[in-house]
Amino acid sequence: MSPSIPEMQWAQVAPRIGGPLEYKQIPVPTPGPDQILVKIKYSGVCHTDLHAMMGHWPIPVKMPLVGGHEGAGTVVAKGSLVSEFEIGDRAGLKWLNGSCGDCEFCRQSDDPLCARAQLSGYTVDGTFQQYALGKASHASKIPDGLPLDAAAPVLCAGITVYKGLKEAGVRPGQTVAIVGAGGGLGSLALQYAKAMGVRVVAVDGGDEKRGMCEELGAEAFVDFTRSNDLVADVKAATPDGLGAHAVILLAVSEKPFQQATEYVRSRGTIVAIGLPPDAYLKAPVLNTVLRMITIKGSYVGNRQDGVEALDFFARGLIKAPFKTAPLEDLPKIFELMEQGKIAGRYVLEMPE
Ligand code: NAD
Ligand code: ZN
């Protein structure tokens, strides 16, 4: 029996760039031929959602916008061409809502690079609503038995940092510096690194984040708000004092993107993932050449990265902390996020 689908639903809507958000009833959308309609139970709140609402990036954002791209729930309707999901299946909607499937990037499983990609909570409405649409070919299958609240942050934060660690080429026994380790992506990066046998120096600010990072297995924590010489402190925190084999940059400010080239080990790799507005990567040429440093970007993950990242979670290797709040509380969460006061992730629970 098909579940009954209402005509109207609760959503958090940004009416224009800069907000403020309006919590209101909007129509429930109908799936196109290749789409599923997911009754969202939980949606994580990513810093990207805040960048989107504030218009931080020079990429056009849909307005009015329903943000959100870490949505976990069950399929309640599907288009005529959908064979991947049945009604009642558990599904996750991600940043990559759909892609063309036909360009060079899609053909090579680099679908995040597709020029015609649709982005949840950016170019199409996302998961800060009770019912959200996604292309079936891009939606994630959430294995049975996994809690949907804890699975939600894996759908962006988890996949992104898992991919970033792979892009870093860091091996078991080596050390990665995770910058912004106390945030949503960071707390998961720490877990994935640990599960891969990689040692972690966590960089973030404040005692709550220090405590969380240490509990999650960081071997050292460098507080950027208190350190007088961050470069020296990160180097000193690596087991032999020679610096990190890789740096995963998740911070939402520009400064750490410049500092990383100084504490990365010779031959090391810096992976930029965080997206502070108007920021530049700047590195001294001499240092970069003579020490053979690699600097690269990493952008979410492809569908297989999604399957693998969820599989780590399903095997109990990832237990990143999250707090739950009702959908109505999104403005408060954005405020805390802006102030850098969230340790781990916030997950919104949809009203019944
Ligand atoms: P968050 O707000 O949860 O975490 C950011 C963390 O950075 C906070 O804990 C903050 O204290 C810390 N921080 C700020 N300045 C710092 C500094 N100078 N040194 C060390 N730490 C510092 O945000 P999030 O949801 O984890 O997202 C992080 C960034 O990643 C955002 O810019 C987001 O848009 C971006 N992002 C990128 C991708 C991608 O595919 N590349 C995917 C998802 C998110
Ligand atoms: Zn995200």
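Derivation of every value follows stated rules applied to the coordinates shown; laboratory data play no part. This one's a predicted model, so the numbers in the text were calculated from it and none came from an experiment. Cβ atoms come from the backbone with ideal geometry, glycine included; neighbour counts cover every protein chain shown.
Here are some notes:
- Amide proton proximity set for Lys78, modelled H, under 5 Å, gap of 5+: Leu37
- For segment 158-297: relative contact order, % (alpha-carbon pairs under 8 angstrom, 6 or more apart): 21
- Within the chain, percent of DSSP bridges classed antiparallel, to nearest 5: 55
- The chain - Debye-derived log10 I(q)/I(0), Cα point model, q = 0.06, 0.08 Å⁻¹: -0.21, -0.37
- About the Cα centre, charge dipole magnitude for segment 158-297 (Lys/Arg +1, Asp/Glu -1 at Cβ), debye: 600
- Sites matching chymotrypsin sites (Phe, Trp or Tyr not before Pro) across segment 239-322 that sit in DSSP coil, with at most 14 neighbouring C-beta atoms within 10 Å: Tyr280
- Among Ser227, Ser43, Ser109, Ser99, the order by Cβ neighbours within 10 angstrom, fewest to most, reads Ser109, Ser227, Ser99, Ser43.
- Taking other C-beta atoms within 10 angstrom as a stand-in for reagent exposure, Lys41, Lys332 fall in the order Lys332, Lys41, fewest first.
- Greater than 24 Å apart at Cα, pairs in Lys141/Lys296; Lys235/Lys296; Lys62/Lys141; Lys62/Lys163; Lys255/Lys319: Lys141/Lys296; Lys62/Lys141; Lys62/Lys163; Lys255/Lys319
- The three principal axes of the C-alpha atoms in segment 158-297 carry coordinate ranges of 38, 30, 29 Å, sorted with the longest axis first.
- When you filter the GluC sites (Glu not before Pro) in segment 75-138 for DSSP loop state and at most 11 other Cβ atoms inside 10 Å of their Cβ, you are left with Glu86.
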